[in-house]
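First up is the structure itself, then whatever we jot down about it.
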Amino acid sequence: MTTIATCSNIEEAQLLKSLLDDAGIAAFLPEEITANSAPQLVFASGLRVQVEDEDAAEALRVIEPPRAPRDLA
């Protein structure tokens, strides 16, 4: 497994997981249960979003923020 992001809250992690799922990439949130039941335990370390090693490059492209167009002037 490859960690492609570390999120500060469960909502952000679930959003990334949904984006990846929609792109056909299986994503995992290893700390999801802990974050839901005892969020203070994952607050400092964050929540990891993980994918299979072979899907890591594509997953990073999926979650990459859009780039601003270059100024052509």
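Computed from the coordinates by the stated procedures, all read-outs in this text should not be read as laboratory data. Everything numeric in this text was worked out from a predicted model, so none of it was measured. Cβ sites come from the backbone with ideal geometry, for glycine too, and all protein chains shown count toward neighbours.
Relative to the dominant Cα principal axis of the chain, helix 10-22 is inclined by about 60°.
For the chain, the Cβ-based charge dipole about the Cα centre amounts to some 260 debye (Lys, Arg positive; Asp, Glu negative; other atoms uncharged). Ellipsoid fit via the Cα gyration tensor, the chain: semi-axes of 25, 16, 10 Å, each the root of five times an eigenvalue, largest first.
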